[in-house]
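**Q** For reference, the structure I am asking about is given below.
The values are calculated or read from the model by the stated rules, or taken from the named source; none is laboratory data. Small disclaimer: the values here were computed from a predicted structure and weren't measured. No Cβ is skipped: glycine too gets one built from the backbone with ideal geometry, and neighbour counts run over all protein chains shown. Note: accessible area is taken over every heavy atom of the protein model, side chains too, but ligands, DNA and RNA are not part of it. Shrake-Rupley method; radii C 1.70, N 1.55, O 1.52, S 1.80 Å.
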Amino acid sequence: MKGMILAAGKGTRVKPITHTIPKPMIPILGKPVMESMIQLFASHGIDKIVVNTSHLAEVIENYFSDGHHFNVQLSYSYEGEMKDGQFISKALGSAGGMRKIQDFSGFFDETFVVVCGDAWIDLDLTEAVRRHKELGGIATIISKEVELSEVSKYGVVVTDDHGRITSFQEKPSAEEALSTQINSGIYIFEPAIFDFIPKEEEFDIGSQLFPLLVEKNITFYATKMDFQWLDVGNISDIWGVTSEILHGKVPGYPVPGTQVKPGVWVGINTVFDIDKCNITPPVIISSGCEIQNGATIIGPALIGSNCKIESEAVISQSLVCDYIHISGSACIDNKTVFGDYFISHDGFTQSLIEMDAIHILKDRRVTQSVVVNRTNIPALTP
């Protein structure tokens, strides 16, 4: 089967992280979220995949290449233009990106699946496609039931008794919501969908294409399925998702490393004496780290790859990204540490300079010669 991953957005709600890496490359427990989506596609026989890219496209394309490492074939559709000798991002919207690919090669010549590149799911795609074909519509939205208190976060899908979509509500209040069925951003289409997508124009699936189908009385459906869905739509979601996994609330999500004691996972090539540190699970310490004796890590917490935590440092309920050297005078509580930024769990962001914290955090690559095999990690101010 064929599929498409939407990866062209600028990720404005996930700044400042998306200043240096595109949203689909945000790591969840060290793995880019889009990698999990490609692996899910492959496991269900969707092995011909086109990815639309725009913002920081080279980061995605350099990492995934042609897809052979993931047992799929990958191709990329870049959305942008050359201006004054530089490539300028110019995304076409989710539906517009689909149309560009179709106009170029006619790639979508059979039933195909389209997903967002910024979420982890464990959906049974084989069953989803089967339901789509059984329903017989031009499109199917895979929907999910949520609590009434949560509908204001999502686009709500309204259907008749047969599952045919009759209208949408964009992030309604609980009092106004006509349904608790929400759009998960997972779509199955027939090639005839391109009759309703204009050429060479910015056009969105959720806000433009689907309302147009309703207006024209075109038959398409929503089918509710039970699956786990971790979305990194906002900056605060990164910690929220990490914390849920560490607390065991996401059965089946692969936890990296070896569990050296209940609730403590450690990667390879890491210098760490668990008996001489103060560790409160759940904690993940990734590969290539140096955790000095006397350091305190209170979970839920994740220490990224190639970090150094000095003796007497305290890290509590925090996520520390790769290549960060934390001094012994540091006390980091309820933060995500990424590059030059501290991000509170509610999304409030401050730079090291604003917090007068340059003396407690450094780039470990500056303080120790290491083999650097990732180019998308921003340098910390030494």
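**Q** Which far-off residues, 5 or more places away or on another chain, put their amide H under 5 Å from the one on G288, with H placed in the peptide plane?
**A** I268, N269, T270, N306
**Q** Relative contact order for region 60-192 using alpha-carbon pairs under 8 Å, separation at least 6, rounded to a whole percent?
**A** 24 percent
**Q** Follow-up. Find the relative contact order for region 11-134 and round it to a whole percent, using C-alpha pairs within less than 8 Å whose residues are 6+ positions apart.
**A** After rounding, I find 27 percent.
**Q** Additional query: How much FRET efficiency would the formula 1/(1 + (r/R0)^6) give for Q86 and K10, where r is the Cβ-Cβ distance and R0 is 22 Å, rounded to 0.05?
**A** Once the sixth-power term is evaluated, E becomes 0.85.
**Q** Which of S305, S149, S167 moves most in a GNM of the chain, Cα contacts under 10 Å?
**A** Sorting by GNM fluctuation, first place goes to S149.
**Q** How much length is gained on full extension from S65 to T219, taking 0.36 nm per residue of separation minus their Cα-Cα distance?
**A** Working it through step by step, the gained length comes to 51.7 nm.
**Q** Still on this model: Roughly speaking, what is the stretch gain from K276 to D103, that is 0.36 nm per residue apart minus the C-alpha to C-alpha distance, in nm to one decimal?
**A** Taking 0.36 nm per residue and subtracting the Cα distance, the gain is 56.1 nm.
**Q** Calculate, for region 1-140, the solvent-accessible area per residue in square angstrom, rolling a 1.4 angstrom probe over the heavy atoms of the protein chains.
**A** Accessible surface, normalised per residue, equals 42 Å².
**Q** Could you work out how much longer the chain between E150 and F227 gets when fully extended? Use 0.36 nm per residue separation minus the Cα distance between them, nm to one decimal.
**A** That works out to 26.1 nm of additional length.
**Q** Where is the GNM fluctuation largest for the chain (alpha-carbon springs, 10 angstrom cutoff): A119, A174, A128?
**A** Highest fluctuation of the listed residues: A174.
**Q** For region 1-111, with all protein chains present and a 1.4 Å probe, just round the carbon and sulfur fraction of the accessible area to a whole percent.
**A** Answer for region 1-111 is 50 percent, counting heavy atoms of protein chains only.
**Q** Now a separate question. Based on the Cβ-Cβ distance of E312 and E244, what FRET efficiency does E = 1/(1 + (r/R0)^6) give at R0 = 35 Å, to the nearest 0.05?
**A** E(calc), rounded to 0.05, equals 0.70.
**Q** Follow-up question, since we're still on this one. Suppose a student asked you for the relative contact order of the chain, using Cα pairs under 8 Å spaced at least 6 residues apart; what percent would you report?
**A** Normalised by residue count, the contact order of the chain is 12 percent.
**Q** Can you list residues whose amide H is under 5 Å from K2's amide H, if they're 5+ apart or on another chain and H is modeled 1.01 Å from N?
**A** Amide H neighbours of K2, under 5 Å, 5+ apart: V113.
**Q** Between L178 and T296, what's the calculated FRET efficiency when r is the beta-carbon distance and R0 is 45 Å? Round to 0.05.
**A** 0.35
**Q** Separate question: Have a look at G67, G96, G106 and tell me which one the Gaussian network model of the chain (Cα, springs below 10 Å) gives the largest fluctuation.
**A** G106
**Q** Can you list which of the GluC sites (Glu not before Pro) found in region 199-261 are DSSP loop residues with at most 10 other C-beta atoms within 10 Å?
**A** E200
**Q** What do you reckon, how do T242, T159 stack up by accessible area (1.4 Å probe), largest on top?
**A** The residues order as T159, T242, largest area first.
**Q** Probe radius 1.4 Å, ligands and nucleic acids ignored: give me the carbon and sulfur share of the accessible area of region 227-344 as a rounded percent.
**A** 48 percent
**Q** Now for a different question. If DNA, RNA and ligands are ignored and the probe is 1.4 Å, what is the ranking of S36, S89 by accessible area, most exposed first?
**A** The residues order as S89, S36, largest area first.
**Q** Now for a different question. Explain nothing, just compute: Karplus ³J(HN,Hα) = 6.51 cos²θ - 1.76 cosθ + 1.60, θ = phi - 60°, for every residue of region 345-361 in order, whole Hz, x for Gly and Pro.
**A** Result, ordered by residue: 5, 8, x, 5, 10, 9, 7, 4, 5, 4, 8, 6, 10, 4, 6, 9, 10 Hz.
**Q** Search the structure for amide H atoms under 5 Å from the amide H of T53, placed 1.01 Å from N in the peptide plane, and list their residues when 5 or more places away or on another chain.
**A** Residues meeting the criterion, in which the H sits 1.01 Å from N, are S77, Y78, E79.
**Q** Under 18 Å from the Cα of K153, which aspartates and glutamates turn up, not counting those fewer than eight places away in the same chain?
**A** D118, E145, E170, E175, E176, D231, D237, D346
**Q** Also, I was wondering about something else. Please list 3J(HN,Hα) in residue order for region 156-166, calculated via the Karplus relation 6.51 cos²θ - 1.76 cosθ + 1.60 where θ = phi - 60°; whole Hz, with x for glycine and proline.
**A** Ordered by residue, 3J(HN,Hα) equals 9, 9, 10, 10, 8, 5, 9, x, 6, 6, 10 Hz.
**Q** Turning to a different aspect of this structure: Trypsin sites (Lys or Arg not before Pro), restricted to region 248-356: which are DSSP loop and have at most 16 other Cβ atoms within 10 Å?
**A** Counting only loop positions with at most 16 other Cβ atoms within 10 Å, the trypsin sites (Lys or Arg not before Pro) in region 248-356 are K249.
**Q** Would you mind getting the accessible area per residue of region 230-311, heavy atoms of the protein chains only, 1.4 Å probe, in Å²?
**A** 41 Å²
**Q** Now for a different question. Output the 0 to 90 degree angle, nearest 10, between the alpha-carbon long axis of helix 94-105 and the longest principal axis computed from the alpha carbons of the chain.
**A** It works out to around 70 degrees.
**Q** Ok, one more. Select from region 84-151 those GluC sites (Glu not before Pro) which occupy a DSSP coil region and have at most 14 other Cβ atoms within 10 Å, ordered by residue number.
**A** Loop-located and lightly packed - E110, E147.
**Q** Taking the Cα centre of each part, how many Å lie between region 108-132 and region 169-189?
**A** 18 Å
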